[in-house]
Amino acid sequence: MASALLLGVMAFGGAHAVAAAPPPPSVGVMVAKKIPVYQERSYIGRIQATRIVKLVPRITGYLEQRLFHQGGTVKKSQLLYVIEPGPYQAAFDQANAAVTSAQATLDNAKIALGRARSLLHTPAGQQSTYDDARATEESDAAQLASAKAQRETAAINLSYTQIRSPIDGRIGPTNVNVGNVVSPTTGTLATVVSQNPINVTFSMPAREALKLRHEFVTQGGLDAVELRLRLPDGRMDKQVGTLDFTSNQISRSTDSLALQGTIPNPVIPGLGHAKVGNRELTSGEFVTVVVRSKHPRQQIVLPRDAVLADQLGDYVLALNARNVVVRQAVTLTQTTPATATIASGIAQGDRVIVDGIQKVHPGITVKPETVAPKLAQG
């Protein structure tokens, strides 16, 4: 009787122990697969207009007119300022009259030279008379040339009374108001900057520049990469630029290489007839320059939180065929705040823990649930 009771107690205790064993923890896993990935790197850059022109007066006079909206768009050859033309028009008219007078004098000298030449071999002709007539004709011709040069100078000065835009672009504020006397020493009246396309300048560490060249040397060099811009508010500009300049020297102070790209900067749709701020990019603006490949490669991408690190390096927690957690060392090519691109350590089809990592460690058995995290690319 006592033995039977003892066996019953042991059986009850064993059943209780089995029932009390905790179930394997649940984790979210994703099946590694290759997706198109653009190779890219980011750098701080500055927007720079392709052309910046400072408008400076080249003559002295009263500023009579300003014919533009400050901050607005101007066209090439558009009239912007008028400096009092009266004195310069008078100087041109005087120079033009001097040309007419000099031409008449020269015409008369030519007639006299012709007469002296025709009489030279007759009893009435003298060599000295012919020589004097010839000297007079040459002197009058020189006077005419001088008068024409002075007229040309007067015409140039008269043209300077109208200041026109040398380029298409956007004009800044005027620095001198109408009614003031301006001269070549006054300084800049206003500045015109070109708008489209526009440049972006940035620097790249020499080590990364060499790596970039090595990666794309078989794909066309600089033609194999494109530029995208992340704006100060975090948005990505819709336009795609090209890398078209690299410096011929590496900076000694920063060990970096200066680069420049060109990117379209069209008018923003929907702004109607806005006179200012109607383009996405402005000269002098800081942006993040994303240098990326034009054509993607097939690579494995994981959520950034799925990649851990310790003193041995980067690793992920994966599952073997028996759902046991294993540690797998990985090598990364590039990372973003959201994703990590795997160069080695994970093969297509491997199951990687992406959710519940804090609950597990290598060697334990888990209950996997497949998830499909979003891995935005581009």
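The values are calculated or read from the model by the stated rules, or taken from the named source; none is laboratory data. Note that the coordinates shown come from a computational prediction; the quantities given were computed from them, not determined experimentally. As a convention, Cβ positions derive from the backbone with ideal geometry for all residues, glycine included, and neighbour counts pool all protein chains shown. Side chains are part of the model used for accessible areas, which takes the heavy atoms of the whole protein and leaves out ligands, DNA and RNA. Shrake-Rupley method; radii C 1.70, N 1.55, O 1.52, S 1.80 Å.
Every condition in (1) modelled with pLDDT under 85; (2) more than 30 Å from Leu229 (Cβ to Cβ) holds for Thr60 except the one numbered (1). Of the strands (runs of 3 or more DSSP E) lying entirely inside the stretch 278-378, those containing at least 2 residues that are aliphatic (A, V, I, L, M) span 286-293, 297-303, 308-310, 313-319, 325-329, 339-344, 351-355. Filtered by the rule that a residue be over 25 Å from Glu152 (Cα atoms) and surrounded by 14 or more Cβ atoms within 10 Å (Cβ to Cβ), the stretch 68-89 gives Phe68, Thr73, Val74. Taking Gln162 as meeting all but one of (1) open to solvent by less than 60 Å² (accessible area, probe 1.4 Å); (2) in contact with a Leu (Cβ under 7 Å, 6 or more places away or on another chain); (3) at pLDDT 90 or above; (4) not acidic (Asp, Glu), write down the number of the exception. Here Gln162 meets the rest and fails (1). The set of residues from the stretch 176-208 being in contact with a strand residue (DSSP E or B) (Cβ under 6 Å, 6 or more places away or on another chain) and loosely packed, with under 14 Cβ neighbours inside 10 Å comprises Val178, Asn180, Val181.
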